[in-house]
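Worksheet for the structure shown next.
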Amino acid sequence: MKIYFASGNLHKKQEMAALFPEFNLVIPSEEGIDFNPEENGATFLENSLIKARTLWNLVHQPVLADDSGICVDILGGIPGIYSARYGGKDFHQGRADGIKITQAEQNQFLIEETDFAIQQCRAQGLDLPKNPRSCRYVCAMVLYLGPDRFFSAQETMEGHLIQKLDLARGTGGFGYDPIVILQGTDKTIAELSAGEKNTLSHRGKAAKILRKILLS
């Protein structure tokens, strides 16, 4: 069965293909489809639905879409849905000129902003949580079979940020993975094997739910 995946991210496609091995996943660019929806939702789920609905209207075939990001607790969930555009403490929703900084810069700025928030709490005599660097990845995934028939699942992967950038490690994954320690382990997300990540990740957990629906 052919399913369109509403993304242009090849890393995500590779992960999703492993999570849905019984199906032929195709991204729009592979068929020359112009797909660049405006992700203006206020939540992960809203953005996932925007992508799914937009692509379904183009292909009228089953679509999988996801929206995901990292949420740092002491920052009130920042960068959240703006994880891909995050540009540091002055540009939580991305730079006004639209220029995206490198992932290495995003990693550095997120650690620095977290450090600053911790320092501010201490300076104000506020109680810090047991792990002030706690964070989580969130994934909202949608299986869109038509305007009146779609399914969604939202899952998380808990962890915490490393203390400084030179502790980043791991060559797997992408995005913020090298600076996030998986809860209950001493491994960064980037140090997990593909199999481990597919089982433990926010995307893997959400995909498991929707895969059951597809196979039922």
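The values are calculated or read from the model by the stated rules, or taken from the named source; none is laboratory data. Small disclaimer: the values here were computed from a predicted structure and weren't measured. So basically every Cβ, Gly included, is an ideal-geometry build from the backbone, and we count neighbours across all protein chains shown. All accessible areas refer to the heavy atoms of the entire protein, side chains included, with ligands and DNA or RNA removed. Shrake-Rupley method; radii C 1.70, N 1.55, O 1.52, S 1.80 Å.
For region 54-189, report the accessible area per residue in Å² (1.4 Å probe, heavy atoms, rounded to an integer).
Values: 6900 Å² over 136 residues.
In whole numbers, region 54-189 has 51 Å² accessible per residue.
Please sort 153-159, 23-29 by packing, taking for each peptide the average over its residues of neighbouring beta carbons within 10 angstrom, highest first. Before the final figure, lay out each step's value.
Numbers: 153-159: 19.9, 23-29: 16.9.
Taking the mean over residues of other Cβ atoms within 10 Å, the ranking is 153-159, 23-29.
Over 21 Å between C-alpha atoms is what I'm after, so list which of Lys12/Lys51; Lys13/Lys208; Lys89/Lys205 land there.
Beyond 21 Å between Cα atoms: Lys89/Lys205.
Within region 38-100, report the trypsin sites (Lys or Arg not before Pro) that DSSP leaves as loop and that have at most 15 other Cβ atoms within 10 Å. Don't jump to the answer; show the numbers that get you there.
Details: sites: Lys51, Arg53, Arg85, Lys89, Arg95, Lys100; in loops: Arg85, Lys89, Arg95, Lys100.
Within region 38-100, the qualifying trypsin sites (Lys or Arg not before Pro) (loop, at most 15 other Cβ atoms within 10 Å) are Lys89, Arg95, Lys100.
If Rh is defined by the Kirkwood formula over all Cα pairs and Rg also comes from Cα, what ratio Rg/Rh do you get for region 52-133?
We get a ratio of 1.15 for region 52-133.
Ignoring ligands, DNA and RNA, please state the percent of accessible area on region 60-133 from carbon and sulfur, probe 1.4 Å.
Looking at region 60-133 in its full context, I get 51 percent from C and S.
Dipole of the chain (Lys/Arg Cβ +1, Asp/Glu Cβ -1, origin at the Cα centre): which of Gly80, Val59, Phe91 lies farthest to the positive side?
Positive-end residue among those listed: Val59.
Where nothing but the Cβ of Lys and Arg (+1) and of Asp and Glu (-1) is charged, how large is the charge dipole of the chain around its Cα centre, in debye to the nearest 20?
On the way: 23 positive and 26 negative charges, 94 e Å.
Once rounded to the nearest 20, the dipole reads 460 debye.
Would you list which lysines come within 20 Å of Lys130, measuring only between C-alpha atoms, while excluding same-chain residues fewer than 8 positions from it?
Counting by Cα, and skipping residues close in sequence, Lys130 has these lysines nearby: Lys164, Lys187.
Taking H as built 1.01 Å from N, whose amide H comes closer than 5 Å to the amide H of Ser83, not counting residues under 5 places away?
It is Ile70, by chain and number.
Which value, in debye to the nearest 20, describes the size of the charge dipole of region 126-216 about its Cα centre when Lys and Arg Cβ atoms bear +1, Asp and Glu Cβ atoms bear -1, and nothing else is charged? The partial results should precede the final answer.
Values: 13 positive and 9 negative charges, 47 e Å.
Charge dipole, region 126-216, about its Cα centre: 220 debye, nearest 20.
Classify region 115-174 from the C-alpha gyration tensor, please: rounded if a/c falls under 1.5, else prolate or oblate depending on whether a/b exceeds b/c. Mind showing how you got there, number by number?
Details: a/c = 4.26, a/b = 1.94, b/c = 2.19.
Judged from the Cα gyration tensor, region 115-174 comes out oblate (a/c at least 1.5, b/c at or above a/b).
Dipole size in debye (nearest 20) for region 60-144 around its Cα centre, Lys and Arg Cβ +1, Asp and Glu Cβ -1? Write out the running numbers ahead of the final one.
Values: 8 positive and 10 negative charges, 20 e Å.
The dipole of region 60-144 has a size of about 100 debye.
Which value in deg cm²/dmol, rounded to the nearest 500, describes the helix-derived mean residue ellipticity at 222 nm for the chain, given -39,500 (n - 2.57) per DSSP H run of n ≥ 4 and division by the residue count? Working shown, then result.
On the way: 5 runs with 68 residues, N = 216.
The per-residue figure over the chain is -10000 deg cm²/dmol.
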